[in-house]
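Only one structure is covered here, and it is reproduced in the block below.
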Protein chains: 2
Amino acid sequence: MSIESLIHYFNNKIDLTPEEINFVKTNFQARTIKRRQFILQEGDICKFNTFVVEGCLKLYKVDEHGKEHNLQFALEDSWVGDLESFYKETPSQLYIEALEKSTVLQITQKKQIELYLSYPKFDRIFRVLAENAMIAYQHRVLQNISSTAEERYTAFLKKSPQLLNRISNVQIASYIGVTPEFLSTIRKKITLA
Amino acid sequence: MSIESLIHYFNNKIDLTPEEINFVKTNFQARTIKRRQFILQEGDICKFNTFVVEGCLKLYKVDEHGKEHNLQFALEDSWVGDLESFYKETPSQLYIEALEKSTVLQITQKKQIELYLSYPKFDRIFRVLAENAMIAYQHRVLQNISSTAEERYTAFLKKSPQLLNRISNVQIASYIGVTPEFLSTIRKKITLA
DNA sequence: CGCGACGTTGATTTGCCTCAACGATTGTGG
DNA sequence: CCACAATCGTTGAGGCAAATCAACGTCGCG
């Protein structure tokens, strides 16, 4: 059962009581997502907070010219969602789409709030998660401001070498903020050097 | 007393008990910072989480060419610190410097942890703060990837018009990720249009 | 008063984009 | 399971947004 991996994930951070385990088991819903299937589209309200058990999804925005800009790749044991839309119940500006066939566990906003109110331990767990995500985005802002595309690409490779085999260069280009064509010239330059 | 503004700030989110108020009063330390004074420098461990009562500070990085890149302006009723360095007790890569004479309230890492352990309410408060900060940085990453410098500047003006009178264009340029020279040509173009 | 930070302008350079084209992979429907 | 379509990765020519470098007047602060 995929729910076991979520229990295991939480226990790795702070041990859960039987009662908490029970709440998690009854309020997270398993779901399988096909490749190219969406679990969130622009204009929709983000109904779920999503934990990835297996597979890979991307969180991205489509700009006014129709171009996609990747904010996040969500792999095994990570969370994905548009938190702003999720908590405030406002229309999302983002998309979440599966890059591979994936299995996920989802909780509704109501139940997520109930989780916090009933078991404050989860305030702590999700506080730490949010802090770490914030720190990661800070690094990314600094990198976008201060580094060249080549530096961003090599930093990406260093930080996420596992993704190289799983994700196309088109997706990586969109994540680091360059066109696929220019990423190609970067890659050529690197292999020559 | 400046501590009252912090109590008020917390009460605006979730009402504090007398005991919690007492903990806050005894564990946050007031401090005044002169203009151009640092409360964090690269290489140091970030010893404090800082609440700004009055004034304005900037959080920034200096790159290998000696250029500054602003991550955050911290005004009244906001928090500033290098959370990564603060929690992990690792050397910081960032600077925090006062842009104006400021008064702040600071808590040490030990006491911040104690705050969470003794009063889980603060896990919730800081979870929400971290989530909101994360969302703001997501927007900034998307903007850096998908918008021109002119769009970033007008978005900045729209979101933070109060800052125009308080902060030099050099600082704003560093925040939106352009050179002061180019910001100047952007501003000229806008006033003409 | 004088010095350093600021804001601006202009000339030149460069990093990256756009558009177009092509072979190689991948995926999929019949 | 094959054939065709779609996506991917690459290359090249040309163009634009923004950086760099240099210079200069202004202002606020010490």
Identify the residue in region A:171-189 that is among the aliphatic types (A, V, I, L, M) and either within 12 Å of DNA strand C (Cβ to nearest atom) or assigned to a loop (DSSP other than H, G, I, E, B) (or both) and, among all such residues, is nearest to the chain's Cα centre (by Cα).
A:Ile176
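For (1) under 21 Å from A:His139 (Cβ atoms); (2) within 14 Å of chain B (Cβ to nearest Cβ); (3) not in a loop (DSSP other than H, G, I, E, B), each residue gets a yes or a no:
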site: A:Asn49; (1), (2), (3): no, yes, yes
site: A:Glu64; (1), (2), (3): no, yes, no
site: A:His69; (1), (2), (3): yes, yes, yes
site: A:Gln72; (1), (2), (3): yes, yes, yes
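Give B:Gln143, B:Gln112, B:Gln138 a once-over and let me know the one that is at the interface with chain A (Cβ under 9 Å from one of its Cβ atoms) and out of contact with any Ser or Thr (no Cβ under 6 Å at 6 or more places or on another chain). Walk me through it before giving the result.
Details: B:Gln143 fails: at the interface with chain A (Cβ under 9 Å from one of its Cβ atoms); B:Gln112 fails: at the interface with chain A (Cβ under 9 Å from one of its Cβ atoms).
Only one candidate passes the filter, namely B:Gln138.
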Inter-residue pairs, beta-carbon under 8 Å, first free of Cβ contacts under 8 Å to residues at least 40 places away in the same chain and in region A:177-193, second acidic (Asp, Glu), 6+ apart
A:Ile186/A:Glu150; A:Lys189/A:Glu150
Select from region A:68-91 the residues that are in contact with a helix residue (DSSP H, G or I) (Cβ under 7 Å, 6 or more places away or on another chain) and under 20 Å from B:Asn144 (Cβ atoms) and list them in ascending order.
A:Glu68, A:His69, A:Asn70, A:Leu71, A:Phe73, A:Leu83, A:Glu84
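Determine whether A:Ser118 is farther than 18 Å from B:Ile135 by Cα and either within 17 Å of the chain's Cα centre (by Cα) or at the interface with chain B (Cβ under 10 Å from one of its Cβ atoms) (or both).
No.
Can B:Ile172 be described as hydrophobic (A, V, I, L, M, F, W, C), away from chain A (no Cβ under 11 Å), within 15 Å of DNA strand D (Cβ to nearest atom) and touching an Asp or Glu at 6+ places or on another chain (Cβ under 9 Å)? First the steps, then the outcome.
Numbers: hydrophobic (A, V, I, L, M, F, W, C): yes; away from chain A (no Cβ under 11 Å): yes; within 15 Å of DNA strand D (Cβ to nearest atom): yes; touching an Asp or Glu at 6+ places or on another chain (Cβ under 9 Å): no.
It is false that B:Ile172 is hydrophobic (A, V, I, L, M, F, W, C), away from chain A (no Cβ under 11 Å), within 15 Å of DNA strand D (Cβ to nearest atom) and touching an Asp or Glu at 6+ places or on another chain (Cβ under 9 Å).
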Before we move on, is A:Glu84 modelled with pLDDT of 95 or more and within 16 Å of DNA strand D (Cβ to nearest atom)?
no
Can you confirm whether region A:152-169 contains a residue that is without any contact (Cβ under 8 Å) to a residue 60 or more places away in the chain, assigned to a helix (DSSP H, G or I), at the interface with chain B (Cβ under 9 Å from one of its Cβ atoms) and not acidic (Asp, Glu)?
no
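The values are calculated or read from the model by the stated rules, or taken from the named source; none is laboratory data. On a predicted model such as this, the values are computed, not experimentally measured, just so you know. Backbone-built Cβ (ideal geometry, glycine too); neighbour counts: all protein chains shown.
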